[in-house]
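This report concerns only the one structure given below.
The values are calculated or read from the model by the stated rules, or taken from the named source; none is laboratory data. Here the structure is a predicted model, which means the values were calculated and not measured. Neighbour counts are summed over all protein chains in view; Cβ atoms, including those assigned to glycine, are modelled from backbone coordinates with ideal geometry. For the accessible areas, the whole protein counts, side chains as well, though only heavy atoms, and no ligand, DNA or RNA atoms are used. Shrake-Rupley method; radii C 1.70, N 1.55, O 1.52, S 1.80 Å.
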Amino acid sequence: MSEEKILTPYELFGTKYELPFDPREVHLKKAEKFEDLYDLGPVVGKGKFGIVYKCTQKSDSQSRTWAAKVIKCREIDKAAIRQEVEVMNRLRHPKLLMLWDAFESPRQMVLVMEFIGAGELFERVIGEDFVLTERDCVHFLRQICEGVSYMHSSHVLHLDLKPENILCIAENSNRIKIIDFGLARIFKPGDSTKVLLGTPEFIAPEVINYDEVSFSTDMWSVGVICYVLLSGLSPFLGDNDAETLSNVTAGDFDFDDEAFDEISDDAKDFISKLLIKRKE
C-alpha cells in the first residue's frame, strides 16, 4: 500500500476537515521498544483486550498527545493484533480512528493511535444539560454512515459497532469518530466469513447463528444505534445475554413506546430498513 494521502482535506456539510496527521503505512516494530520512544501518561480506558494510556513521543517538539493501547499477550494471541494493524492501515478517513505507530515484544504489543479526549457520544447525549433532537440524531448518524461507508469501500467489516465505540472529537463539537477495530475483518464480496464475537445488544442475527457475515451485518448495528439514540431504549435488550440473543434472532422490535411519539415516520422507516432479519 502506498503512503499517499487519502481523502485530505475532507469536506463534510460544506466544511473542510484535515486528517489528524499525514497517513503512513504502519509496520510492527520489533527492534525498537515503545518505552524508548514514548513517555507513558495516565490510563484513559480499559477493555477486554488491553489498557489505553495517554502518551507523548519523546522526539516530538510539538508534544502531541497520542493514545497507546497496550495489550499483554502470548504468541498465539498476536495474529489478531497484527490483523488489527492491517485493518487500520486501510482506514484513512476523518470519521475513523487512525493508527500512528505499533510495537511488538515477546509479551506485549502496543498500538499508538490518535488521541480522542472528549468521551463517548452516548455519555454526552444522556447528560442533563444536553437535549437530543431528531435533527441531532440525523447529524450523528450521517457521520457514522459516512465512516461505515468508507470502511466497506475499503473491504473492512467493523463487526463491533456500538455506542461505546463512537467518540466525540472535542467537548464543544458534534463531530464523532468510530474506534476499536479489534474485531474488524478484511472482507470481499463472495468471501465466506463467519464470526462469533460482538456485543449481544448490537450484533446481527447472522452472527448469533454463525452464518456468513457481510456489509449488512454492520448496517444492522447502525440500525440498533439509531434506535437507541432516538429513544434511549435498546430494541433487543433482555434481562440477560441469553434473552438478548434470543430477541435478536427473533428480530422482533416495535416503536410502541411513548419515546417514539414525536419521532418522524422517516426515522422509523430508516430503522426498519436496517433491522431486517434476512440480511439478503
> T199: accessible area at probe 1.4 Å, nearest 10 Å²?
Replying inline: 30
> Using a Gaussian network for the chain with springs between C-alpha atoms less than 10 Å apart, which of these wobbles most: K46, K162, K69?
Replying inline: K46
> In segment 158-273, carbon and sulfur make up what percent of the accessible area (probe 1.4 Å)?
Replying inline: 44
>> Relative contact order of the chain, please, whole-number percent, based on alpha carbon pairs below 8 angstrom and at least 6 residues apart.
In response: 13
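Per residue, what accessible area does the chain have, given a 1.4 Å probe and all protein chains present, in Å²?
52
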> Tell me, in nm to one decimal, what length is gained between A80 and L28 on full extension, where the rule is 0.36 nm per residue of separation less the Cα-Cα distance?
Replying inline: 17.4 nm
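Taking the Cα centre of segment 54-139 as origin and charging only Cβ (+1 Lys, Arg; -1 Asp, Glu), how large is the dipole, in debye to the nearest 20?
460
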>> Taking 0.36 nm per residue of sequence separation and subtracting the Cα-Cα distance, how much length would be gained by fully extending the chain between T65 and N174, in nm to one decimal?
In response: 37.1 nm
> For the chain, with only Lys/Arg (+1) and Asp/Glu (-1) charged at the beta-carbon, what is the dipole magnitude about the Cα centre, in debye rounded to 20?
Replying inline: 1440
> Among (1) 139; (2) 154; (3) 116, which is the computed volume of the Cα convex hull per residue in Å³?
Replying inline: (2)
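What is the calculated FRET efficiency for I208 to I51, with r their C-beta to C-beta distance and R₀ = 30 Å, to the nearest 0.05?
The pair I208/I51 has a calculated efficiency of 0.55.
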